[in-house]
Amino acid sequence: MKELQEFTTVEEMEADTAKLKEIACELCVETYEERKNSQQPQCKFGEDGVCCRICSMGPCRITPKAPYGICGADAHAIAGRNYLRMAASGSACHSDHAREIAHILHKTSEAGPFTIKNPDKLIANAREWGIETEGRDLYDIAHEVAEVGLMEFGKPFGTLRYLSRATEERQKVWEEQEIAPRAIDREVATSLHMTNMGNTADAAVLVRQSLRVGMADGWGGSMMGTDFTDILFGTPTVRETVANLGVLEENQVNIIVHGHDPSFSEMLVLASESKDVVDYAKEKGAQGINIVGLCCTANEATMRHGIRMAGNFLQQENVLLTGAVEMMCVDVQCIFPALGRLQECFHTKFITSSPICRIPGSTYVEFSAEDAEHAFEKAKTLVREAIDNYENRDRAKVYIPSHTQPAVVGYPTNQVIAELDGVTNSHLEDDPRGSYKPAIDAIKSGVLRGAVAMVGCNNPKVRADYSHIEIMKELIANDVLIVASGCAAQAAAKAGLMRLDAKELCGAGLRRVCTLVGIPPVLHMGACVDISRMMLLVTGIAKDWNVDTTQLPIVGCAPEWMSEKAVAIANYVVSTGIDVYLGIEPQVKGSAQMMELITEGTREICGAGYIINKDPHELVQSMIAGIERKRDLLGI
Ligand code: SF4
Ligand code: MSK
């Protein structure tokens, strides 16, 4: 029998980080760990969410001796307002990303550089929105779809178009509970307005608006971001790739793409494939050009091009510390400002590209929809500059850790369903391939106990990737299929859990599914915005099952989350009726009412809430218990 390749352990990843930290120490440069230590003890008021500085009478901090801010706001109002502001900011991030993509769609043309790679999805979206498609030029349709999409951000009346994709039961809940989001920007603005000094002080109302503004993300901005990205750059397909720091190459020009918006990285990838650019790299003594990804830009690029993934959120400094990076190109979100200082210790060129994300120490080369026609040429110039920089690499400073893991990635909703269609025989007769029924049968029969969406970031409050990996291993051992996105997906890839032979770690049922279908037990579904894909996946399953999403043995889990975007995501997942298991406590602990509202109160609104536990092993046990409870209620 062929011997299994070893899986990479968290301890091995930590050893790589420790070695790179030694390099940082020699260079007298700090990393997040020193900065974290220098922040200890972290502010308890901030941690508990009871510090308010939304007006200049403050800051006000709630203690037993001082239970009210100067205006009279109590701990519940203050923690509630802070929480809603986090959700609103997260929703704004994803949605503004989507807006930029919509503007790019509006700039597409036959001549490029931005073209339509998935006309079928464009036509489907146009028809869904009642846009005429017959006999029309593809690009005229694209521009109209983009315009209608852009109207979703600020339309004065009605609720979001994508809500009609949900189950009828869900739509009814959203209407009745008055959490169906109106225009995306309206929900963000309303949230800021409500939390301004002298407005809402009722925590229950603030939590309800958090659900609504979260929905403006998941069933608005993020969904549009995903759909339009697929239209522009193609819907992801299954691909093989490699993950972890060992993907950096000693003898190639290493270019890192980092952030979230794929329009910049797409151009860089295409530019690096141009023959003249490749020839130029060889002329300069390199064996080739190695574009690798970090964070969600990595997820986007790997799913569409097989670009290898250097790592997730807490690996961004490590990548530069290898000393082997000629250029790091970033777009938006999750980029440490520390990179601006760190690159000065090396030959690395640090390029920022978006007016949304300007960082001292970087070189700013703007990429935006306004200048879309020059995007490819600009990307080519940057790749050439990276090649020119190759000769400046100081070989004495280079240390590239050896760990890599192969991974199979790229499972958008329809791909997951099409793959699972091989599990049972039901599709042979009356179920066309692509129906959700085979997946339902697998769950009903108990071959699969259920599914978990593993999402979210890394957070220095816990060991990097430890919770992700421990939880995933335990879930698959218990026949729970995992769909993963964002940094959670990369954690799985780095550990080897996206290898086809990771089925050996599964329980008998899931192993059978993986063997029959030829899938890994952890399915890579994309970037953070692609959690909207997961919403459509559970909706599709619920519709074919004739139940509501909240009844399914499916839950979400963000064990290492850190971003405000995660708060928006958690709110739309809960609004969709799906429980969310968190390993990091939301910053509302200073208000017992807020803790009750986010764990129990939302259940009365939409049938789901948070389960919070800092111990990953206890968290996974409660998740499995939650899945089994849903199965019992369904009578399966
Ligand atoms: Fe203090 Fe109220 Fe102003 Fe907040 S809004 S800083 S609690 S006075
Ligand atoms: S990159 S939001 S650290 S998942 Fe999407 Fe990772 Fe979280 Fe950023």
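Quick notes
- For the pair Y68 and E134 in one chain, pulling the backbone fully straight at 0.36 nm per residue adds 17.5 nm over the alpha carbon distance.
- Calculated SAXS-style log₁₀ I(q)/I(0) at q = 0.14, 0.20, 0.29 Å⁻¹ - region 549-608, Debye, Cα scatterers: -0.37, -0.76, -1.34
- Each of D501 and E283 was given a label point 7 Å from its Cα along the Cα-to-Cβ line. The distance between the two points is 4.4 nm.
- What you get for the chain, charging only the Cβ of Lys and Arg (+1) and of Asp and Glu (-1), is a dipole of about 1040 debye around the Cα centre.
- Sequence-separation-based contact order of region 409-634, relative, with Cα cut under 8 Å and 6+ spacing, percent: 21
- Listed peptides 456-464, 541-549 appear in the order 456-464, 541-549 once ranked by packing, highest mean of other Cβ atoms within 10 Å at the front.
- Packing, taken as the mean count of other beta carbons within 10 Å per residue, orders the peptides 384-393, 307-316, 178-187, 273-282 from highest to lowest as 307-316, 178-187, 384-393, 273-282.
- Near-label residues of region 362-380 by backbone N, under 11 Å of a point 7 Å along Cα→Cβ of S274: 375-380
- Calculated from the alpha-carbon coordinates, region 55-233 shows an Rg and a Dmax of 19.8, 72 Å respectively.
- Over all pairs of different C-alpha atoms in region 409-634, the reciprocal of the mean inverse distance, the Kirkwood hydrodynamic radius, equals 17.3 Å.
- Modelled FRET efficiency - R0 45 Å, R629 with N196, Cβ distances, 0.05 increments: 0.65
- Between the amide H of N458 and those of F313, L314, distances stay under 5 Å, these residues lying 5 or more places away or on another chain, with hydrogens modeled in the peptide plane.
- DSSP-assigned coil residues among trypsin sites (Lys or Arg not before Pro) in region 56-90, each with at most 14 further Cβ atoms within 10 Å: K65
- Label point distance in nm, E585-A18, each placed 7 Å from Cα along Cα→Cβ: 3.0
- Reciprocal mean inverse distance between Cα atoms of region 1-47 - Kirkwood radius, Å: 13.6
- Distance from the Cα centroid of region 110-157 to that of region 305-380 is 31 Å (rounded to whole angstrom).
- Spin-label model, Q621 to T599: label points 7 Å out along the Cα-to-beta-carbon direction sit 1.6 nm apart.
- Dipole in debye (nearest 20) - region 55-233, about Cα centre, beta carbon charges: Lys, Arg +1; Asp, Glu -1: 900
- Computed Kirkwood radius, in angstrom, where 1/r is averaged over Cα pairs of region 245-397: 15.0
- When the chain is described by a simple charge dipole with +1 on each Lys and Arg Cβ and -1 on each Asp and Glu Cβ, the residue from A281, H347, H374 located farthest towards its positive end is H347.
- Dividing the C-alpha radius of gyration of the chain by 2.2 N^0.38 Å, with N its residue count, gives 0.93.
- Alpha-carbon centroids, region 277-300 and region 564-609: separation in whole Å: 41
- Remark on G234: its backbone amide H falls under 5 Å from those of K117, N118, a criterion applied only to residues 5 or more positions apart or on other chains, H modelled at 1.01 Å from N.
- Rounded to the nearest whole Hz, the Karplus-based 3J(HN,Hα) values (6.51 cos²θ - 1.76 cosθ + 1.60, θ = phi - 60°) of region 61-75 follow the sequence 10, 8, 9, x, 7, 10, x, 10, x, 4, 7, x, 5, 9, 4, with x at glycine and proline.
- Cross-linked pairs K19/K494; K494/K614; K503/K614; K107/K282: Cα-Cα separations exceed 25 Å for K503/K614; K107/K282.
- Across region 34-50, rounded Karplus estimates of 3J(HN,Hα) from the backbone phi angles (6.51 cos²θ - 1.76 cosθ + 1.60, θ = phi - 60°) give 5, 5, 5, 4, 6, 8, 7, x, 6, 4, 5, 5, x, 4, 8, x, 10 Hz, Gly and Pro being marked x.
- Accessible carbon and sulfur surface of the chain relative to its total accessible area, %, 1.4 Å: 51
- Using the Karplus relation 6.51 cos²θ - 1.76 cosθ + 1.60 with θ = phi - 60°, the per-residue 3J(HN,Hα) values for region 200-214 come to 4, 10, 9, 4, 4, 5, 5, 5, 4, 5, 4, 4, 5, 6, x Hz, with x marking Gly and Pro.
- Radius 11 Å from Cβ of C52, net charge of other residues (Lys, Arg +1; Asp, Glu -1): +3
- Over the chain: helical MRE at 222 nm, DSSP H runs n ≥ 4 each giving -39500 (n - 2.57), nearest 500: -14500 deg cm²/dmol
- Amide H to amide H distances under 5 Å link K349 with M327, M328, where only residues 5 or more positions off or on other chains count and H is placed in the peptide plane.
- Per residue, in Å², the accessible surface of the chain once ligands and nucleic acids are set aside, probe 1.4 Å: 37
The values are calculated or read from the model by the stated rules, or taken from the named source; none is laboratory data. The structure displayed is predicted, hence computed values, not measured ones. Ideal geometry is used to build each Cβ from the backbone, glycine not excepted, and the neighbour counts take in all protein chains shown. Heads up: the accessible areas ignore ligands, DNA and RNA and are worked out on the full protein's heavy atoms, side chains in. Shrake-Rupley method; radii C 1.70, N 1.55, O 1.52, S 1.80 Å.
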